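Since the structure comes first, as C-alpha cells, the remarks are kept for the end.
The values are calculated or read from the model by the stated rules, or taken from the named source; none is laboratory data. None of these values were measured; they are calculated from a predicted model. Here the Cβ positions follow ideal geometry from the backbone for every residue, glycine too, while neighbour counts run over all protein chains shown.
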Amino acid sequence: MNNETLFPPDRVSVMGVLNTTPDSFSDGGRLYSSEEGLLLRELQAGAQRLVEAGAHLLDIGGESTRPGALEVQVGDEIRRTEGAIRSVAASTSVPISIDTRKAEVAQVAIKAGASVINDVSGLSHDPSLAVVAAQTGSVLILGHMQGTPQTMQTRPHYSDLLQEVARDLQKSIDIARAAGVDSEQLVIDPGIGFGKRLEDNLLLIAHAGWFREHFGLPVLIGPSRKAFIGTLTGDPVTERDLPSHAACAVAAFTGADAVRVHEASGALRSVLIGKAIRDASAKVAT
C-alpha cells in the first residue's frame with residue numbers, strides 16, 4: 001500500500017476513530033471494557049458502524065493523547081490494541097491504522113492486521129517507529145505536536161505558525177527517509193489541537209492545501225470533537241459532530257486529502273461538498 005492508494009486523489013478520504021482507552025477525550029471510554037470479549041464485540045460493532053457509514057479506513061488507538069494525558073506503558077498499549085486490530089481486521093476489508101507513538105506497539109499491530117501507522121508525535125517520541133514503517137512497507141502518517149500530551153496545551157506559542165509547523169514536519173520527514181521510508185509511504189498531519197491555540201487550529205485548516213503543495217504529500221486533518229470547536233460553539237464533547245463536519249468541509253475545500261473523525265456519515269457528506277466546491281473553483285481558476 002502507498003499513500004495514493006490509501007488516499008486516492010479523486011476523493012477526500014474519511015478515517016474513522018476507534019478508541020480502546022478508558023480515558024478517551026471524545027467518548028469517555030465508551031468502547032472500553034475490562035472484559036476482553038465484551039470489548040472486542042463492541043469494537044467490531046463500532047467498526048461496522050463506521051464502515052457502513054462510509055469510512056474508508058479505521059484508526060485504532062490504545063493510548064489517549066488528549067491534553068494532560070499520561071503515557072501508557074508499551075505492554076498495556078499492546079494488550080489494548082493487538083486483539084482489537086486482529087478482531088476488526090477479520091470482520092472488515094478496509095485498511096486499519098494503528099494510532100501509536102511507539103515502535104513496539106506498531107510492530108505488533110502490523111502483524112495483527114494494520115497496514116498504516118499514525119504517529120501524532122511525528123517520530124519525536126520514538127524515531128525507531130520509522131524503521132518499522134520501512135521494514136513493513138506501511139504507510140506512515142507524521143503528525144505535528146508542540147511538546148508532549150502532558151505539556152502541549154501549556155501556553156503554546158508560535159511566531160510564524162505555518163513555517164514553524166512545516167519546519168518540524170520536515171524534520172519528521174527527514175527522519176523517516178533516513179530510516180528507509182519511501183516518500184510514497186508518507187502522509188502529513190499538521191496536528192490540530194496538539195499544542196495549538198484556537199487561531200492556530202483555524203489557520204492550519206485554512207492552509208491544508210498549502211501543506212500539500214509545500215511537501216508534495218497527502219495531508220490529513222483531524223478536527224473531530226476537538227476543544228477549539230467547543231470554544232467556538234459552546235458545545236460539549238458529545239455534541240460536537242455537526243461543527244466538526246463543518247470543519248471537515250472547509251478542510252476538504254482548502255485542500256485536505258483526508259479527515260479523521262468519530263462520526264463518519266456526516267463527515268463523508270461534508271467532504272463531498274467541500275471537495276466539489278474546491279474542484280469547481282479550480283476549473284474557474286484555470
Within the set of pairs 6+ apart or on separate chains, which have a first residue in the range 234-256 that is free of Cβ contacts under 8 Å to residues at least 24 places away in the same chain and under 19 Å from Ala206 (Cα atoms), a second that is of a type in the set (Ser, Thr, Tyr) and assigned to a helix (DSSP H, G or I), and C-beta atoms under 7 Å apart? Pro243/Thr233
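Yes or no, residue by residue, for (1) buried (at least 24 other Cβ atoms within 10 Å of the Cβ); (2) touching a Phe, Trp or Tyr at 6+ places or on another chain (Cβ under 9 Å):
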{"residue": "Ile192", "(1), (2)": "yes, yes"}
{"residue": "Leu202", "(1), (2)": "no, yes"}
{"residue": "Phe211", "(1), (2)": "yes, no"}
{"residue": "Phe215", "(1), (2)": "no, no"}
{"residue": "Gly234", "(1), (2)": "no, no"}
{"residue": "Val237", "(1), (2)": "no, yes"}
{"residue": "Ala252", "(1), (2)": "yes, no"}
{"residue": "Ser265", "(1), (2)": "no, no"}
{"residue": "Arg278", "(1), (2)": "no, yes"}
Over the range 146-177, the set of residues of a type in the set (A, V, I, L, M) and touching a residue at least 60 places away in the same chain (Cβ under 8 Å) is Met152
So for the range 44-53 (the condition being over 18 Å from Ala267 (Cα atoms), of a type outside the set (A, V, I, L, M) and at pLDDT 95 or above), does at least one residue qualify? no
Is it fair to say Gly180 is out of contact with any Gly (no Cβ under 6 Å at 6 or more places or on another chain), within 13 Å of Leu129 (Cα to Cα) and either assigned to a loop (DSSP other than H, G, I, E, B) or of a type in the set (Gly, Ala, Ser) (or both)? yes
For helices (runs of 4 or more DSSP H) lying entirely in the range 43-158, having 1 or more residues that are closer than 17 Å to Ile188 by Cβ picks out 129-136
Gly83 vs. criteria in contact with a Lys or Arg (Cβ under 6 Å, 6 or more places away or on another chain) and at pLDDT below 95: no
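Residue by residue, here is whether (1) buried (at least 16 other Cβ atoms within 10 Å of the Cβ); (2) modelled with pLDDT under 95 holds:
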residue	(1), (2)
Asp119	yes, no
Val132	yes, no
Gln135	no, no
Ile141	yes, no
Thr148	yes, yes
Glu164	no, no
Ala176	yes, no
Ser183	no, no
Within the group Gly230, Gly222, which residue is out of contact with any helix residue (DSSP H, G or I) (no Cβ under 6 Å at 6 or more places or on another chain) and buried (at least 24 other Cβ atoms within 10 Å of the Cβ)? Gly222
Sole residue being touching a strand residue (DSSP E or B) at 6+ places or on another chain (Cβ under 9 Å) and closer than 19 Å to Val17 by Cα, chosen from Phe194, Phe215: Phe194
What pairs come out if I take residues in the range 260-286 that are more than 21 Å from Leu58 (Cα to Cα) and free of Cβ contacts under 8 Å to residues at least 40 places away in the same chain and pair them with residues that are charged (D, E, K, R) and not in a strand (DSSP E or B) whose C-beta lies under 9 Å away, six or more apart or interchain? none
